[in-house]
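Peer 1: This is the structure, below, for whatever I ask next.
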Amino acid sequence: MIAYKDLKENYHKGRGAQFNPHNRFAKNDYVKQHDEGIDDWEDHPQKTSFILGKSKSIVNKVDSPDVGMAYSLNPYQGCEHGCTYCYARNTHEYWGFSAGLDFERKIIVKTDAPELFRKFLERKSWDASTISLSGNTDCYQPAERKFKITRQLLEIALEYKQPIGLITKNALVLRDTDLLQELAKLNLCTVYVSINSLNESLRLKMEPRTTTAKQRLKIVEDLSKNGIPMGVMAAPLIPGLSDHEIPAILKAIASAGAKSAGYTVVRLNGAIGGIFNDWLRKNFPNRFEKVWHLIQSCHRGNVNDSKFSDRMRGDGNIAQLISDNFKLHCRLNHLNEKRVMLDSSLFSVPKVQLSLF
């Protein structure tokens with residue numbers, strides 16, 4: 001068991017991951033022998049940095065049949081929210097960084113995303129399928145307040161009448177209510193908010209730089225009142241930590257105006273297993289064994305399963321209990337009674353007006 005004094009002295013305040021695991025693509029390891037104190041959000045020598053990056057493409061086809069999207073667009077790589085369980089952490093290794101603290105402190109900003117988005121939409125073969133923002137990292141993470149790339153992408157989507165879906169856990173999405181409302185009037189957008197716990201103490205540990213659950217419910221309520229189709233992803237549910245909150249979460253989101261809901265069971269693939277294991281030991285030492293074994297019970301004795309259809313929902317008795325409970329309370333709260341189908345028929349490439357002078 002980790003002593004409270006040791007945890008307090010060595011814990012990186014405001015961060016989810018507490019170390020940088022080895023990047024599996026890197027040939028060398030770099031070891032820091034002395035830590036100069038905790039991260040106090042602003043004054044720490046290793047505070048969040050932004051790396052302005054260029055990309056060859058910005059829209060990615062999603063081949064997985066169980067993530068609910070066909071195409072994704074991510075204006076940022078890495079995410080300052082610091083969610084300990086985030087599956088996107090592993091993708092940071094492709095950029096030469098660690099899936100741990102690097103993922104939260106070294107944010108790649110795709111400054112050319114709007115230009116690449118336009119080029120993609122103007123391809124002759126494009127069929128106006130729905131494109132999902134935040135398929136990997138949150139498009140409304142703190143960096144968006146400064147760079148405003150997501151807002152530019154929504155402006156382009158409205159200009160081209162391109163259907164858009166997005167998911168976020170940041171109240172900054174309310175800034176773009178005007179654009180989302182115009183898209184919704186044309187049946188061109190849906191918005192999902194991620195809420196996997198109403199417990200503020202758990203959120204502060206598990207998702208340290210996200211907005212509160214209360215504020216996320218306000219997002220659902222405000223956008224719903226503005227005619228924007230709202231849903232909630234209770235994702236990921238963690239057996240032994242947050243799965244018991246299913247009834248309360250679904251009742252709260254329905255009261256706030258959500259019409260649909262989905263969930264996933266936590267899966268700890270790649271470097272995330274070690275990151276989450278370390279976090280769980282430090283924050284819930286008395287419950288570590290129980291929670292860890294419950295996660296394993298959902299993935300055939302492992303903490304991750306790559307099998308399609310099972311990997312996101314889990315397998316076994318615990319996973320079945322979660323599924324049954326979720327379906328029951330969706331029915332009781334009249335969620336998922338009608339599926340929103342966005343309209344791709346309005347899509348058109350704007351005509352360029354040539355100047356006479």
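The values are calculated or read from the model by the stated rules, or taken from the named source; none is laboratory data. Everything quoted here is computed from the prediction, not taken from an experiment. When we count neighbours, we look across all protein chains shown, and the Cβ atoms used for this are built from the backbone with ideal geometry, even at glycine.
Peer 1: For the stretch 289-348, give me each residue that is in a loop (DSSP other than H, G, I, E, B), of a type in the set (F, W, Y) and surrounded by 17 or more Cβ atoms within 10 Å (Cβ to Cβ).
Peer 2: Answer for the stretch 289-348, where residues must be in a loop (DSSP other than H, G, I, E, B), of a type in the set (F, W, Y) and surrounded by 17 or more Cβ atoms within 10 Å (Cβ to Cβ): just F347.
Peer 1: Sticking with this one: With the stretch 105-203 as the region, which strands (runs of 3 or more DSSP E) entirely inside it contain at least 1 residues that are hydroxyl-bearing (S, T, Y), within 28 Å of Y94 (Cα to Cα) and modelled with pLDDT of 95 or more?
Peer 2: 131-133, 164-168, 189-194
Peer 1: I would also like to ask the following. Taking the stretch 149-175 only, how many residues are among the charged types (D, E, K, R) and under 18 Å from the mean Cα position of the chain (by Cα)? Full working, then the answer.
Peer 2: To start, the set of residues in the stretch 149-175 that are among the charged types (D, E, K, R) comprises 151, 155, 159, 161, 169, 175.
Filter once more, so that each one left must be under 18 Å from the mean Cα position of the chain (by Cα): 151, 169.
Total satisfying the criteria: 2.
Peer 1: Suppose we filter the stretch 204-239 for residues that are more than 26 Å from I322 (Cβ to Cβ) and in contact with an Asp or Glu (Cβ under 6 Å, 6 or more places away or on another chain); how many remain?
Peer 2: The total comes to 1.
Peer 1: Just one of (1) crowded, with 18+ Cβ neighbours inside 10 Å; (2) at negative phi; (3) free of Cβ contacts under 8 Å to residues at least 60 places away in the same chain trips up N199, so point out which.
Peer 2: Tallying (1) crowded, with 18+ Cβ neighbours inside 10 Å; (2) at negative phi; (3) free of Cβ contacts under 8 Å to residues at least 60 places away in the same chain, N199 fails exactly one: (1).
Peer 1: Tell me, please, whether a residue that is within 30 Å of K161 (Cβ to Cβ) and either in contact with a Pro (Cβ under 7 Å, 6 or more places away or on another chain) or at pLDDT 95 or above (or both) can be found in the stretch 313-323.
Peer 2: Within the stretch 313-323 (the criterion being within 30 Å of K161 (Cβ to Cβ) and either in contact with a Pro (Cβ under 7 Å, 6 or more places away or on another chain) or at pLDDT 95 or above (or both)), the answer is no, since none of the residues qualifies.
Peer 1: Going by the conditions given, is S224 more than 30 Å from K47 (Cα to Cα), polar (S, T, N, Q) and part of a helix (DSSP H, G or I)?
Peer 2: Yes.
Peer 1: Within the stretch 110-123, does at least one residue satisfy the condition of being touching a strand residue (DSSP E or B) at 6+ places or on another chain (Cβ under 6 Å) and either more than 20 Å from F50 (Cβ to Cβ) or among the small types (G, A, S) (or both)?
Peer 2: Scanning the stretch 110-123, I find at least one residue that is touching a strand residue (DSSP E or B) at 6+ places or on another chain (Cβ under 6 Å) and either more than 20 Å from F50 (Cβ to Cβ) or among the small types (G, A, S) (or both), so the answer is yes.
Peer 1: A further question on this structure: Would the stretch 170-187 turn up any residue that is over 30 Å from F276 (Cα atoms), touching a Cys at 6+ places or on another chain (Cβ under 9 Å) and among the small types (G, A, S)?
Peer 2: The answer is no; no qualifying residue exists.
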